[in-house]
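Written out below as structure tokens is the structure these notes cover.
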Amino acid sequence: MRKQFIPFLVLASAVILAGSVGAQDQPTPVLPAPALASTYELKPGPDGRVPEEQVKELLRIVAEKDQQNDKRRKDYTYIQRRQEDQLDDKGNVKSTDVFTSEVLMIYGEQVERLIAKNGQPLSEKDAEREEKKIQKVIDKRKDESETDRNKRLAKEEKEREEDRSFVQEIADAYNFQLAASEQLEGRDTWVIDAEPRANYKPRLKDARILSKFRLRLWIDKAELQWSKLDATCIDTVSFGLFLARVHKGTRVLVEQTQVNEEVWLPKHVALKIDARVALLKKYNMNQDLTYSEYRKFRTDTKIVGVGEVK
């Protein structure tokens with residue numbers, strides 16, 4: 001997760017998927033329904049403000065519940081529509097491309113299969129290339145030896161531990177405050193603001209980006225699940241030895257919705273990207289992603305190769 005191209009997405013993922021255990025090969029266990037908000041409430045202090053300790057405790061509960069939600073999330077496939085607007089130096093749109101993909105879970109691994117571009121089905125050649133990509137994943141995991149599987153699982157667990165350590169830095173990096181109560185899609189939410197601490201000293205190298213972002217998080221009162229995140233870059237961030245630089249004003253907005261009264265899944269992601277890679281290639285674009293057609297993937301479904309499908 002922490003090695004994605006646009007590192008500020010790490011921050012978003014760390015907050016909204018705090019403590020997430022990541023993909024598993026094991027069957028998804030049956031999990032209890034989320035607790036109702038009647039089991040938790042924020043109580044203002046003598047000054048009328050909710051103490052920061054209560055807000056932190058709320059976020060801890062949300063993180064734990066999101067671990068459960070992450071396991072349910074792996075039971076679903078869906079359609080992703082990604083629109084990319086390339087911008088000029090004045091912020092005007094130069095070109096637009098739209099990519100439609102089917103998001104699949106194959107042996108616990110999330111894989112995207114492109115099915116259309118700019119509203120048109122793929123050419124026979126491009127469609128074949130996508131099928132080969134899927135087949136490659138199937139063959140690799142289907143024929144995986146026990147030794148290779150153990151190595152892969154150990155690597156994944158190490159990455160999850162690194163992500164957990166990164167998430168733990170968040171409580172120290174920010175001052176949290178209950179900003180308001182709002183309704184989203186007819187549901188009551190708490191709105192939490194997070195401002196970087198002036199004296200924050202990161203313990204992890206990658207945690208240095210935390211002081212460069214301001215956050216606002218919406219938490220559903222009825223189920224104690226996050227439903228919206230808004231993260232804004234407030235200062236230029238450099239990564240690696242001048243390999244990448246994300247500029248002030250870069251922003252990510254993430255929304256999710258409840259599906260089948262059992263799981264919260266992505267609904268909409270809006271990205272405003274102003275970055276430069278290797279100090280040469282500039283990325284100035286807006287990305288807008290929408291998600292639809294959620295289908296539950298049965299754990300007893302047999303995954304076969306493309307050539308086996310009649």
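Taken together, the values in this text are just the output of simple stated rules run on the coordinates, not laboratory data. Computed from a predicted model, the values in this text were never measured in an experiment. Note: ideal-geometry Cβ built from the backbone for every residue, glycine included; neighbour counts use all protein chains shown.
If you find the alpha carbon centre of the stretch 258-289 and of the stretch 206-235, how far apart are they in angstrom?
14 Å
Past 27 Å, Cα to Cα: identify those pairs from Lys228/Lys296; Lys151/Lys282; Lys71/Lys272; Lys65/Lys282; Lys65/Lys158; Lys65/Lys296, in the order given.
Long pairs (Cα-Cα over 27 Å): Lys151/Lys282; Lys71/Lys272; Lys65/Lys282.
More than 31 Å apart: what percent of Cα pairs in the stretch 8-297 qualify?
Pairs farther apart than 31 Å: 36 percent.
In a shell of Cβ-Cβ distance under 10 Å around Arg72, excluding Arg72 itself, what net charge do Lys and Arg (+1) and Asp and Glu (-1) give?
Spelling it out: positives minus negatives among the neighbours equals +1.
Within 10 Å, count the other beta carbons around each residue, average over each peptide in 177-187, 247-257, and list them highest first.
Result, highest mean Cβ count within 10 Å first: 247-257, 177-187.
Would you mind working out the magnitude of the charge dipole of the stretch 8-297 relative to its Cα centre, with +1 at each Lys and Arg C-beta and -1 at each Asp and Glu C-beta, to the nearest 20 Debye?
Taking the Cα centre of the stretch 8-297 as origin, the dipole is about 840 debye.
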